[in-house]
Amino acid sequence: MAETILVAVDGSPLSKRAFENAVADAGSTVVALHVIDPTGPGYSAPIDVDVSMEPLHGSAAWYQKAEAVADAIFEALTALADGTGVEIETETVRGDPTRAIVRHARENDIDAIYVGGHGRSGETDILFGSVAELVTERSPVSVTVVR
């Protein structure tokens with residue numbers, strides 16, 4: 001049993017499932033990490049959006065909206081963990097999702113990483129999804145890919 005599990009959360013059903021599995025498996029703490037990717041607006045958005053109706057990508061208003069989305073994701077996830085006895089920590093960072101997830105695991109006392117495997121594009125990414133695949137390859141700790 002891993003004491004502290006890092007879960008990459010993006011608001012998708014698979015990241016929710018990864019979070020639920022992490023809560024069930026954690027010894028004491030689950031760290032929910034949301035990465036706002038300024039180079040890929042689709043990753044940071046849990047739903048499809050009409051970009052013509054959204055703030056200009058990379059603007060202060062865009063970041064404010066992305067932070068609000070992260071807060072909503074965390075609120076929903078922490079409610080799922082109520083009564084489990086597992087401590088939930090949340091953190092939002094900006095950057096490349098793969099690098100941010102791996103960096104957080106390296107720089108903190110993380111025992112395992114859980115990530116949803118989207119399988120969004122490309123033949124080589126079809127099994128896990130590009131972020132999950134790269135995290136698995138680069139992680140300093142064990143990675144569980146939830147499908």
So Ala79, is it at pLDDT 95 or above, surrounded by fewer than 12 Cβ atoms within 10 Å (Cβ to Cβ) and over 15 Å from Asp10 (Cβ atoms): yes
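Of all the residues that make up the range 58-111, how many are in a helix (DSSP H, G or I) and not β-branched (Val, Ile, Thr)?
Just the residues of the range 58-111 that are in a helix (DSSP H, G or I), to begin with: 60-81, 97-107.
Cutting the leftovers down to not β-branched (Val, Ile, Thr) gives us 60-68, 70-72, 74-77, 79-81, 97, 99-100, 103-107.
Looking only at that region, the number is 27.
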Single residue of Pro46, Pro97, Pro41 found to be under 12 Å from the mean Cα position of the chain (by Cα), modelled with pLDDT under 80 and not small (Gly, Ala, Ser): Pro46
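So, in the range 112-147, of the ones that are assigned to a loop (DSSP other than H, G, I, E, B) and in contact with a strand residue (DSSP E or B) (Cβ under 8 Å, 6 or more places away or on another chain), which residue ends up modelled with the lowest pLDDT?
Phe128
The values are calculated or read from the model by the stated rules, or taken from the named source; none is laboratory data. Note that the structure is a prediction, hence the values are computed from the model and not measured. Neighbour counts are summed over all protein chains in view; Cβ atoms, including those assigned to glycine, are modelled from backbone coordinates with ideal geometry.
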